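K.L.:
Encoded as structure tokens, here's the structure I'll be asking about.
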Amino acid sequence: MNKKTVLKKTILAVSIAMLTACGGSGNNSDIAPVASTSTIEGVITGFGSIYVNGVEYETDNASIEIDGNPSIETSLGIGDVVVLQGSINADGLTGVANRVSSVDELEGYVLDLSNLNVGVGSINVMGQVVNITIDTVFDSNTLNSIDELSINDIVEISGFSDGNGNILATRVETQQSADNVELKGVISNLDIDALVFTIGTLTIDFSSAFEVPAILNNGLLVEVKTQTVLTGSLIDGFVLIASQVEIEDDGGFEFDEGVEIERQGLVSDVTDTTFLFNGELIQIASLKVDDDFASLENGMLITAEGFIDANGVFIIEKIENIELSDFEFEGLVTAKTETEVTVTNNGVEITFIVNNSTRLMDEQDEGVTPIRFFSLADVALGEYLTLKYFVDINGKNIATELEREDNPTLLIASRGL
């Protein structure tokens, strides 16, 4: 059986058998359980072993890789985007991982912070617009909030890129050195004579790179690395002197025909017949009359489910919208069940549904050691929580993030974002 590389960085022909952009719980367990071997790309939301796309995967015998190098599970963090190879059980909620690979979307210098407003907005990293939302996770060991960043800080960004210089950040952490400054994106304005191209607003000079693909084209998705500081300015533009230019391969996973694929990603450049999914052009080869293709919008985060056909093409069978947070609430726990928690603040009481897609983080640090394998079962009455959430079509408060914190002296009331 022929091996096929998933999602070649060329135009993908896609047959969509079902297209929905539904609200609801945001729990990807609504997607039908995948039989046998499958490949999942998504955001880590919890540990014990590892939660990705609403499924808890055992990782006892799994190989772990970070940026292509062997690693261990404890080096992964909430908000990291991973590609996971394994299987999902019949319940659709549990599975077994054979391999987990994490590759950051961008690592480099912060160039501009002027578009932030109360911790959300966008920052310029290496000429790329990195969108910071209420759902962006910050590595508490290096960064508590985006407001702590300074110009020329080196950051590592996990998330999803539209390929045109815009990234939705799911996790941000700072780095001490610039040994691995890198970015991914779609080539534009290629000048073979001058040996330059652009990704977003950043000019890439590859004249001295020791590794360059034999053929470069506009529209090709690549990863660029450098070991030198950027030159230029915000007004005149920045230039990166590339040491390596590689065709982006999403971690190098290869799969047999028929392997089931489930990917989270960012939608952009929507037209009547095509859209970009994580910067890759998707052409609609066939579409059921009743399908609501018009519901796709630029900037939407979706889960796409399908399989690899005999030609190595990703055939998408279902698309589902991923709900993002709209609100944040902090307070004391006054009631709890196996799937719900009630939090009270200054007389306001809200009950939240917690599911496998809820990001779970223990950030207590006053006299206690935070629990890595943290779950709702670890939460006790009287403890202090911060929850991010949205309200579904049934009026239920669905927690997208639950964070246990030290109890502050001043409680902060609910605020809509």
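The values are calculated or read from the model by the stated rules, or taken from the named source; none is laboratory data. Every value quoted in this text rests on a predicted model; they were computed, and no experiment measured them. Positions of Cβ are backbone-derived with ideal geometry, glycine not excepted, and every protein chain shown enters the neighbour counts.
K.L.:
Would you check if there is a residue in the stretch 133-146 being free of Cβ contacts under 8 Å to residues at least 40 places away in the same chain, within 28 Å of residue 44 (Cα to Cα) and in a strand (DSSP E or B)?
P.N.:
yes
K.L.:
Among (1) surrounded by 19 or more Cβ atoms within 10 Å (Cβ to Cβ); (2) outside any loop (DSSP other than H, G, I, E, B), which single condition is residue 190 missing?
P.N.:
Of everything listed in (1) surrounded by 19 or more Cβ atoms within 10 Å (Cβ to Cβ); (2) outside any loop (DSSP other than H, G, I, E, B), residue 190 misses just condition (1).
Residue by residue, here is whether (1) at pLDDT below 80; (2) of a type in the set (Val, Ile, Thr); (3) assigned to a loop (DSSP other than H, G, I, E, B) holds:
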position	(1), (2), (3)
263	no, no, no
266	no, no, no
281	yes, no, no
290	yes, no, yes
306	no, no, no
315	yes, yes, no
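K.L.:
Here is a further query. List every residue pair whose Cβ atoms sit under 6 Å apart, with the two residues 6 or more apart in sequence or on different chains, where the first one lies in the stretch 380-395 and is touching a residue at least 60 places away in the same chain (Cβ under 8 Å) and over 15 Å from residue 345 (Cα atoms) and the second, anywhere, is of a type in the set (A, V, I, L, M) and assigned to a strand (DSSP E or B).
P.N.:
389/398; 389/399; 390/398; 392/398
K.L.:
So, one more: Please pick out the residue among 98, 61 that is at pLDDT 90 or above, polar (S, T, N, Q) and not in a strand (DSSP E or B).
P.N.:
After ruling out the rest, the residue left standing is 61.
K.L.:
Sticking with this structure for a sec: If you check residue 338 against the conditions, is it in the same structural domain as residue 399 (by TED's automatic domain parsing), outside any strand (DSSP E or B), at pLDDT 80 or above and more than 30 Å from residue 177 (Cα to Cα)?
P.N.:
Judged against the criteria, residue 338 is a match.
K.L.:
Scan the stretch 41-58 and report the pairs whose first residue is assigned by TED's automatic domain parsing to the domain that holds residue 278 and whose second residue is assigned to a strand (DSSP E or B) and among the small types (Gly, Ala, Ser), with Cβ atoms within less than 6 Å and a gap of 6+ or a chain change.
P.N.:
52/42; 53/42; 55/95; 57/86; 57/95; 57/97
K.L.:
Which residues, counting only those in the stretch 395-417, are assigned to a loop (DSSP other than H, G, I, E, B), at negative phi and either crowded, with 19+ Cβ neighbours inside 10 Å or at pLDDT 95 or above (or both)?
P.N.:
Within the stretch 395-417, just 396 meets the criteria.
K.L.:
Here is a follow-up. Do we find that residue 78 is in a loop (DSSP other than H, G, I, E, B) and either free of Cβ contacts under 8 Å to residues at least 24 places away in the same chain or aliphatic (A, V, I, L, M) (or both) in this structure?
P.N.:
Criteria met by residue 78.
K.L.:
Okay, moving on. Restricted to the stretch 210-237, and to residues that are crowded, with 18+ Cβ neighbours inside 10 Å and among the hydrophobic types (A, V, I, L, M, F, W, C), which residue is nearest to residue 163 (Cα to Cα)?
P.N.:
221
K.L.:
Assuming residue 112 fulfils every condition listed in (1) over 21 Å from residue 302 (Cα atoms); (2) without any contact (Cβ under 8 Å) to a residue 24 or more places away in the chain; (3) touching a strand residue (DSSP E or B) at 6+ places or on another chain (Cβ under 9 Å) apart from one, which condition is it?
P.N.:
(2)
K.L.:
Scan the stretch 314-365 for residues that are more than 18 Å from residue 396 (Cα to Cα) and either within 28 Å of the chain's Cα centre (by Cα) or of a type in the set (Gly, Ala, Ser) (or both) and report the count.
P.N.:
15
K.L.:
Mind listing whichever residues of the stretch 101-126 are assigned to a loop (DSSP other than H, G, I, E, B), aliphatic (A, V, I, L, M) and buried (at least 18 other Cβ atoms within 10 Å of the Cβ)?
P.N.:
103, 126 - these are the residues of the stretch 101-126 that are assigned to a loop (DSSP other than H, G, I, E, B), aliphatic (A, V, I, L, M) and buried (at least 18 other Cβ atoms within 10 Å of the Cβ).
K.L.:
So which residues in the stretch 47-76 are crowded, with 18+ Cβ neighbours inside 10 Å, at positive phi and of a type in the set (Gly, Ala, Ser)?
P.N.:
Correct list: 54 only.
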